[in-house]
Amino acid sequence: MTSFEVQHPRATDGTFATKDQGAPEVSLNGWPVAEAPTRSSIWSDALERGTADRAPVGSAQTAAALRNTRGEADGAVRRVILRADTLGQRSTIRDFDVVGPSDGRPILVDVRGGMFRLKVTSGHAIVRADSGHGNVVTVSDGATATVLVENDRKMSLHAERGSVVDLFAGVDARGYQHVEEGALVTARGHLERMSGDFTIA
């Protein structure tokens, strides 16, 4: 269930001023309540831009696919599909940097299986967590990320100082969110099984 916070302005004597009930209700993130994004709308909107899909095999291909500094030449958005067999059936959890294009386009990371520790080091990444294994997303200072945790999936988040993250949780989504001082994480959706410090919007 999604909720929104609206801050009441303070009067000069330190008390809260009365809210104008005739004013439109606006969320802290700037979306009118009726237009607030959802997990599915964010993902479908990103796909509608046109995607250049990569399904890497092995650690070298995976690392290269997740670095998209220049973006795709035709203006498409790169989608990197990660599966249980991306790194081999016997692979343990591995660390990979995620780099979004410098022109502001996102990189899409579609985690369908396997165990990955992803670190968004620059640019903007949209990460869809739909793996039965637990995965970790770290967002570095100056980077932004939208993290979509699908129903009954586990994903942990580490938001470093200076990062900005939007988290959308599906039904029975779970995981721990570690948010450093100076990071901004806004969470929406079904947060009953998500733990940690974040702002509910």
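Read the figures in this text as sums done on the coordinates, not as results from a lab. Note that the structure is a prediction, hence the values are computed from the model and not measured. All Cβ positions, even for glycine, are placed from backbone atoms using ideal geometry, and neighbour counts span all protein chains on display.
List of remarks:
- When Glu181, Glu150 are arranged by Cβ crowding within 10 Å, least crowded first, meaning fewest neighbours, the order is Glu181, Glu150.
- Backbone amide hydrogens, once placed in the peptide plane, bring Ala143 within less than 5 Å of Val164, excluding anything fewer than 5 places away on its chain.
- Inter-label distance, Thr69 to Ser195: 4.0 nm, where each label sits 7 Å from its Cα along the C-beta direction.
- With R₀ fixed at 22 Å, the C-beta to C-beta distance from Asp95 to Asp141 puts the FRET efficiency at about 0.80.
- The range 108-201 shape via C-alpha gyration tensor axes, a/c threshold 1.5: oblate
- Gain on full stretching of the segment that runs from Ala84 to Glu181 - 0.36 nm per residue minus C-alpha separation: 31.5 nm
- The ranking of Met115, Met155, Met194 from fewest to most other beta carbons within 10 Å of each one's beta carbon is Met115, Met194, Met155.
- Each 5 Å bin from zero up to the one holding the largest Cα-Cα distance in the range 41-180 carries the following percent of pairs: 2, 11, 22, 25, 22, 14, 4, 0.
- Which of Glu160, Glu180 has the fewest Cβ neighbours within 10 Å, and the rest in rising order: Glu180, Glu160
- Between Asp172 and Asp152, the distance separating the two model label sites (each 7 Å from Cα on the Cα→Cβ line) works out to 0.4 nm.
- Spin-label model distance (nm) - Thr38 vs Ala52, 7 Å beyond Cα toward Cβ: 3.2
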